[in-house]
Amino acid sequence: MIKIYHNTRCSKSRDVCTIMENKKVKTEIIEYLKTPPTQKEIKELLKMLGMKAEEIVRKGETIYKEKFAAKKLTEAQWVKALADNPILIERPIIVNGKKAIIGRPPEKVLEIL
């Protein structure tokens, strides 16, 4: 089963869900703003993505600009920041087994099927 870390207010995230629906792919939708991933889960996602925590930070978010823009954080500090402020996590993240991608553009989801 494919997992989608989804934000209902994000058009790209909704587009990925539509693509999956149209392809009739069984998915588990995780609304990560309602049920934020733990630090452990974020570390697992990062490993599957092959990325560092700072690479999945949404730098356009107000909270980033107010609290983090001027700071140099360690990997562990970024992971904690993402767990404490899930709005900062780039979305959608799609997981298939041990692989994950960020669905931007939404059609990128087809690479993981």
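The values are calculated or read from the model by the stated rules, or taken from the named source; none is laboratory data. All values derive from a computational prediction rather than experimental measurement. Reconstructed Cβ throughout: ideal geometry from the backbone, glycine too, with neighbour counts over all protein chains shown.
Once region 57-67 is narrowed to residues that are within 16 Å of the chain's Cα centre (by Cα) and surrounded by 12 or more Cβ atoms within 10 Å (Cβ to Cβ), the residue that is farthest from Gly103 (Cα to Cα) is Tyr64. Against the list (1) closer than 17 Å to Leu110 by Cβ; (2) in contact with a helix residue (DSSP H, G or I) (Cβ under 7 Å, 6 or more places away or on another chain); (3) part of a loop (DSSP other than H, G, I, E, B), the condition Lys24 fails is (2).
Per-residue answers, yes or no, for (1) touching a strand residue (DSSP E or B) at 6+ places or on another chain (Cβ under 7 Å); (2) at positive phi; (3) not small (Gly, Ala, Ser):
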residue	(1), (2), (3)
Asp15	no, no, yes
Lys23	no, no, yes
Ile30	yes, no, yes
Lys34	no, no, yes
Gly50	no, yes, no
Val79	no, no, yes
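Which of (1) in contact with a strand residue (DSSP E or B) (Cβ under 9 Å, 6 or more places away or on another chain); (2) buried (at least 16 other Cβ atoms within 10 Å of the Cβ); (3) not in a loop (DSSP other than H, G, I, E, B) does Glu54 not meet, given it meets every other one? With respect to (1) in contact with a strand residue (DSSP E or B) (Cβ under 9 Å, 6 or more places away or on another chain); (2) buried (at least 16 other Cβ atoms within 10 Å of the Cβ); (3) not in a loop (DSSP other than H, G, I, E, B), Glu54 is out only on (1).
Of the residues Leu73, Leu88, Leu82, the single one that is surrounded by 13 or more Cβ atoms within 10 Å (Cβ to Cβ) and free of Cβ contacts under 8 Å to residues at least 24 places away in the same chain is Leu73. Which of (1) modelled with pLDDT of 95 or more; (2) over 12 Å from the mean Cα position of the chain (by Cα); (3) not in a helix (DSSP H, G or I) does Ala70 not meet, given it meets every other one? Evaluating Ala70 over (1) modelled with pLDDT of 95 or more; (2) over 12 Å from the mean Cα position of the chain (by Cα); (3) not in a helix (DSSP H, G or I) leaves (1) as the failure. Of all residues in region 5-30 being closer than 19 Å to Lys99 by Cα and under 13 Å from the mean Cα position of the chain (by Cα), which is surrounded by the fewest Cβ atoms within 10 Å (Cβ to Cβ)? The residue in question is Ile29. In this entry, Glu44 is excluded by the filter for residues that are part of a helix (DSSP H, G or I), free of Cβ contacts under 8 Å to residues at least 60 places away in the same chain and over 19 Å from Val79 (Cβ atoms). Across region 73-113, the qualifying residues are those that are in contact with a Ser or Thr (Cβ under 8 Å, 6 or more places away or on another chain) and part of a loop (DSSP other than H, G, I, E, B), and the one among them that is farthest from Glu21 (Cα to Cα) is Arg91.
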